[in-house]
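**Q** Handing you a structure now.
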Amino acid sequence: MELGFRWLELCLLFEFCKDVIVLISEKTSPSYVEYLKERNYDHHVVGREKIDLRKALSLLSARYKVRKVLADTGRILGNLLLNQGFASELSMLIHPVVVGAKAYNIFGDITKVLNLKLQTKEILKKKYVWLVYKIIN
């Protein structure tokens, strides 16, 4: 079973993930496309090899009237959104752990300098720091 199959099944268990729009590329496996069709998931091809973020966001805006997208993501999608100028805010949750040499460099693929302005800061559970920055480039 592909990761996408399992993720969709898990996502639908949560209150805020009932309506699913799946974005795929032309390279998406036929079995996954069939899986989407069998379950009547609204899906759209928005790229050849990979998802074209500009096409994807344009489609979401035009067809579904989406005006804001929250990307709770890791390095790959986050870096793509930042590099292509699609992000207007950066939200970071700081955990009080020093990982050192085994650290995961979440901004390792950023190709430009991003100027940020602090919007909010909050201490959570007397342990975590939540920072929200506006991207001002």
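**Q** Checking residue 66 against (1) closer than 26 Å to residue 19 by Cβ; (2) touching a strand residue (DSSP E or B) at 6+ places or on another chain (Cβ under 6 Å); (3) not aromatic (Phe, Trp, Tyr): exactly one of these is not met. Which one?
**A** The failed condition is (2).
**Q** Out of 126, 121, report the one residue that is exposed (fewer than 10 other Cβ atoms within 10 Å of the Cβ) and of a type in the set (D, E, K, R).
**A** 126
**Q** I've got another one for you. Restricting to the range 73-94, and then to whatever is assigned to a loop (DSSP other than H, G, I, E, B) and modelled with pLDDT of 90 or more, can you tell me which residue is surrounded by the fewest Cβ atoms within 10 Å (Cβ to Cβ)?
**A** Of all residues in the range 73-94, those assigned to a loop (DSSP other than H, G, I, E, B) come to 73-74, 84-88.
In the following step, the residues that additionally are modelled with pLDDT of 90 or more were identified as 84-88.
Details: 84: 12, 85: 12, 86: 15, 87: 18, 88: 10.
Checked the range 73-94; the qualifying residue surrounded by the fewest Cβ atoms within 10 Å (Cβ to Cβ) is 88.
**Q** Between 121, 126, which is assigned to a loop (DSSP other than H, G, I, E, B), modelled with pLDDT of 90 or more and more than 29 Å from residue 21 (Cβ to Cβ)?
**A** On the way: 121 fails: assigned to a loop (DSSP other than H, G, I, E, B).
Of the residues listed, the single one that is assigned to a loop (DSSP other than H, G, I, E, B), modelled with pLDDT of 90 or more and more than 29 Å from residue 21 (Cβ to Cβ) is 126.
The values are calculated or read from the model by the stated rules, or taken from the named source; none is laboratory data. None of these values were measured; they are calculated from a predicted model. Every residue, glycine as well, gets a Cβ built from its backbone with ideal geometry; the counts of neighbours run over all protein chains shown.
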